[in-house]
1. Show the residue pairs that are 6+ apart or on different chains and have beta-carbon atoms under 7 Å apart, the first residue being within region 32-47 and free of Cβ contacts under 8 Å to residues at least 24 places away in the same chain, the second being open to solvent by 90 Å² or more (accessible area, probe 1.4 Å) and aliphatic (A, V, I, L, M).
2. Working carefully through the options H40, H55, find the one that is modelled with pLDDT under 95 and either surrounded by 11 or more Cβ atoms within 10 Å (Cβ to Cβ) or within 11 Å of the chain's Cα centre (by Cα) (or both).
3. So which residues in region 6-54 are hydroxyl-bearing (S, T, Y) and closer than 14 Å to S64 by Cα, if there are any at all?
4. Pick from region 1-21 the residues that are of a type in the set (D, E, K, R) and free of Cβ contacts under 8 Å to residues at least 12 places away in the same chain: which of them is surrounded by the most Cβ atoms within 10 Å (Cβ to Cβ)?
5. Which condition breaks for R24 when tested against (1) basic (K, R); (2) out of contact with any Leu (no Cβ under 8 Å at 6 or more places or on another chain); (3) touching a residue at least 12 places away in the same chain (Cβ under 8 Å)?
6. Mind counting the residues in region 20-37 that are more than 12 Å from the chain's Cα centre (by Cα) and either closer than 15 Å to I60 by Cα or not in a strand (DSSP E or B) (or both)?
7. Right, V48: surrounded by 13 or more Cβ atoms within 10 Å (Cβ to Cβ) and in contact with a Ser or Thr (Cβ under 7 Å, 6 or more places away or on another chain) or not?
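The values are calculated or read from the model by the stated rules, or taken from the named source; none is laboratory data. Note that the structure is predicted; figures quoted are calculated from it, not measured. Virtual Cβ from ideal backbone geometry, glycine too; neighbours counted across all protein chains shown. These accessible areas exclude ligands, DNA and RNA; they are computed on the full protein's heavy atoms, side chains included. Shrake-Rupley method; radii C 1.70, N 1.55, O 1.52, S 1.80 Å.
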Amino acid sequence: MNKHKIQFKIVTPEKVTYSDEIDRVTIPTSAGEITVLANHAPIIAILVAGEMKIHKDDQIIFLSVSSG
């Protein structure tokens, strides 16, 4: 595993909906939008409805999220 990448998964009660090695992810939370990078400090946040941006190589993958 590349130390500059994140092993990232989105898991619902039914299944894993996304799994990949990514560069960073931007997530909507109740405290505002946060961006998680490789080797980040642990954090717990409340997910709110909005747009999640997954950055992988030169791509940005946009996903709609609700809460969690």
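1. A45/A31
2. Details: H55 fails: modelled with pLDDT under 95.
On inspection, the qualifying residue turns out to be H40.
3. Here is the first cut: in region 6-54, the residues hydroxyl-bearing (S, T, Y) are 12, 17-19, 26, 29-30, 35.
Within region 6-54, T12, T17, Y18, T26, T29 meet the criteria.
4. Within region 1-21, the match that is surrounded by the most Cβ atoms within 10 Å (Cβ to Cβ) is K9.
5. (2)
6. Result for region 20-37: 2.
7. It is true that V48 is surrounded by 13 or more Cβ atoms within 10 Å (Cβ to Cβ) and in contact with a Ser or Thr (Cβ under 7 Å, 6 or more places away or on another chain).
A quick yes/no check of all residues on (1) at positive phi; (2) in a loop (DSSP other than H, G, I, E, B):
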position: H4; (1), (2): no, yes
position: I10; (1), (2): no, no
position: E14; (1), (2): no, yes
position: Y18; (1), (2): no, no
position: N39; (1), (2): yes, yes
position: I43; (1), (2): no, yes
position: E51; (1), (2): no, no
position: I54; (1), (2): no, no
position: I60; (1), (2): no, no
